[in-house]
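Have a look at the structure below, then the notes.
The values are calculated or read from the model by the stated rules, or taken from the named source; none is laboratory data. Here the structure is a predicted model, which means the values were calculated and not measured. Neighbour counts run over all protein chains shown; Cβ positions are idealised from the backbone, glycine included. Surface accessibility is based on the protein's heavy atoms, side chains included, excluding ligands, DNA and RNA. Shrake-Rupley method; radii C 1.70, N 1.55, O 1.52, S 1.80 Å.
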Amino acid sequence: MNSPSTANCDWSCIFVHAGAGYHSQANEPQHLRACALACKAAMALLRNGGSAVDGVEMALRCMEDNEITNSGFGSNLSLDGTVECDASIMEESGRSGAVGAVDSFKNPSALARLILDNSRRPMSLKRVPPILLAGPGAKMYAAQFHFPIINNEELVSHSAHQRWLKWKKELDGPRAPAPTPRTSSSHRASSRPRNPMRSSSMDTQGSLNSPRHETIRADAVDEAATEDEDLVTDTVGAICVDRWGRVAAGSSSGGIGMKFRGRVGPAALIGVGTWIRSDDDGMVVAATCSGTGEQMAHTMIASKAVERMFETDDEFNGLKIAIEHDFMGSNVVQESNMSSAVGIMAIKFDKACQNKRIHFSYGHTTDSMALAYQSASMKEPETIMSRNKRNPKACMGGIIVSIPPT
């Protein structure tokens, strides 16, 4: 039954990101189109009465089917040349379903949804339904529920295989003088020139004093990019609000390239890649994250970001503190000799507030992050290519989405 605060408006909104990393200027339209298509697919469900979980699953499935993303088909390959994926979906209620290191499913997010749905159903012998399954066990579970199982080769794209051949040659070949660093997102920004900002792209550098009724933007740089190769190896994510104001969030990823078989990344780990918190007064905060998975796990960055945003009236600054203090300032990251990166997309809103608005915030320490969002009142999704001029410091952006009365 709808509460008075949600009965007179349609809260439907979908927010997606296609990972934090480096999105080349040449491939920028493809990344933004992948985000836009995911929004459109999810919004079609929401406009026809779909739930928040329906919307998240549809958005993730759409991105998993798009080769340009590192999820589902076209994902990075493991050391032995196979695809292994992670995915999770979480409800505002706190329930979740997840899969890790699975190699036989076109849409791992759909299997995570099945596990979530089945977590409500009692099992014989007073067994507790699982909420996270990995590897062969997930495949056995899928077969029991007649979930489609495919050959791993069907998940391997030509471009992913070519990347794997290149990386394998580097691993197996003789040592050569180190080239100019290109793969560490924390060291590329100072040397990579960029194109002028286009209408679908922004260089974001949020100010805490910026007007919150507008998109937070910064001046674009005017040099031409010289690199056309994407270096995006991170998780995609979605956050959905349905017409009744219920929230769900999820993540999906093929993981890092050349990983060990069986490695489970943040996309499968609730509290690391995805987290939601709500209270009885109608306040909700949700986040989905992308970045260096092992460091994200050590810092529990999704839950940290949500807590920071929940406990302050300035959710934008709360997210910034989570990125710069809880992640980049953590002992794990400070003492690491590896590249450290994170990107976070989050929303905050109050269902009981008279002014119906959703605060959409994002931040990343990588060179770029591709995002999109759409509300029920918008005919088309709005896409954002956030490019970082302060790398490895946090690049922040934020938008307030107004929800008109019905």
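The table for this structure:
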{"quantity": "Condition met for Glu311 (more than 28 Å from Cys62 (Cα to Cα), open to solvent by 10 Å² or more (accessible area, probe 1.4 Å) and more than 13 Å from the chain's Cα centre (by Cα))", "calculated": "yes"}
{"quantity": "Sole residue being in contact with a Lys or Arg (Cβ under 6 Å, 6 or more places away or on another chain), within 21 Å of Thr288 (Cβ to Cβ), open to solvent by less than 10 Å² (accessible area, probe 1.4 Å) and hydroxyl-bearing (Ser, Thr, Tyr), chosen from Ser361, Ser368, Ser375", "calculated": "Ser368"}
{"quantity": "Set Ile68, Ile89: member being crowded, with 18+ Cβ neighbours inside 10 Å, among the β-branched types (Val, Ile, Thr) and in a loop (DSSP other than H, G, I, E, B)", "calculated": "Ile68"}
{"quantity": "Candidates Met43, Met63, Met90, filtered to the one that is aliphatic (A, V, I, L, M) and closer than 22 Å to Ser303 by Cα", "calculated": "Met90"}
{"quantity": "Of all residues in the range 120-142 being touching a strand residue (DSSP E or B) at 6+ places or on another chain (Cβ under 8 Å) and open to solvent by 70 Å² or more (accessible area, probe 1.4 Å), the one that is nearest to Ser75 (Cα to Cα)", "calculated": "Lys139"}
{"quantity": "Contacts under 7 angstrom Cβ, first residue in the range 262-285 being surrounded by fewer than 17 Cβ atoms within 10 Å (Cβ to Cβ), partner charged (D, E, K, R) and assigned to a loop (DSSP other than H, G, I, E, B), 6 or more apart", "calculated": "Gly282/Lys351"}
{"quantity": "Asp117 touching a Gly at 6+ places or on another chain (Cβ under 9 Å), closer than 16 Å to Phe147 by Cα and surrounded by fewer than 18 Cβ atoms within 10 Å (Cβ to Cβ)", "calculated": "yes"}
{"quantity": "Sole residue being of a type outside the set (Phe, Trp, Tyr) and either farther than 16 Å from Cys240 by Cβ or open to solvent by 10 Å² or more (accessible area, probe 1.4 Å) (or both), chosen from Gly55, Gly97, Gly19", "calculated": "Gly19"}
{"quantity": "Elements of type strands (runs of 3 or more DSSP E) in the range 322-406, at least 3 residues being touching a helix residue (DSSP H, G or I) at 6+ places or on another chain (Cβ under 8 Å) and within 26 Å of Val272 (Cβ to Cβ)", "calculated": "342-350, 357-364, 368-375"}
{"quantity": "Evaluation of Lys106 against (1) more than 15 Å from Thr274 (Cβ to Cβ); (2) of a type in the set (D, E, K, R); (3) touching a residue at least 60 places away in the same chain (Cβ under 8 Å) (one fails), failing number", "calculated": "(3)"}
{"quantity": "Some residue of the range 325-341 being of a type in the set (Asp, Glu), surrounded by 16 or more Cβ atoms within 10 Å (Cβ to Cβ), closer than 11 Å to Ala286 by Cα and within 19 Å of the chain's Cα centre (by Cα)", "calculated": "no"}
{"quantity": "Lone unmet requirement of (1) of a type outside the set (Lys, Arg); (2) in contact (Cβ under 8 Å) with a residue 40 or more places away in the chain; (3) open to solvent by 40 Å² or more (accessible area, probe 1.4 Å) for Asn48", "calculated": "(2)"}
{"quantity": "The range 143-157, subset more than 24 Å from the chain's Cα centre (by Cα) and outside any loop (DSSP other than H, G, I, E, B), residue surrounded by the fewest Cβ atoms within 10 Å (Cβ to Cβ)", "calculated": "Gln144"}
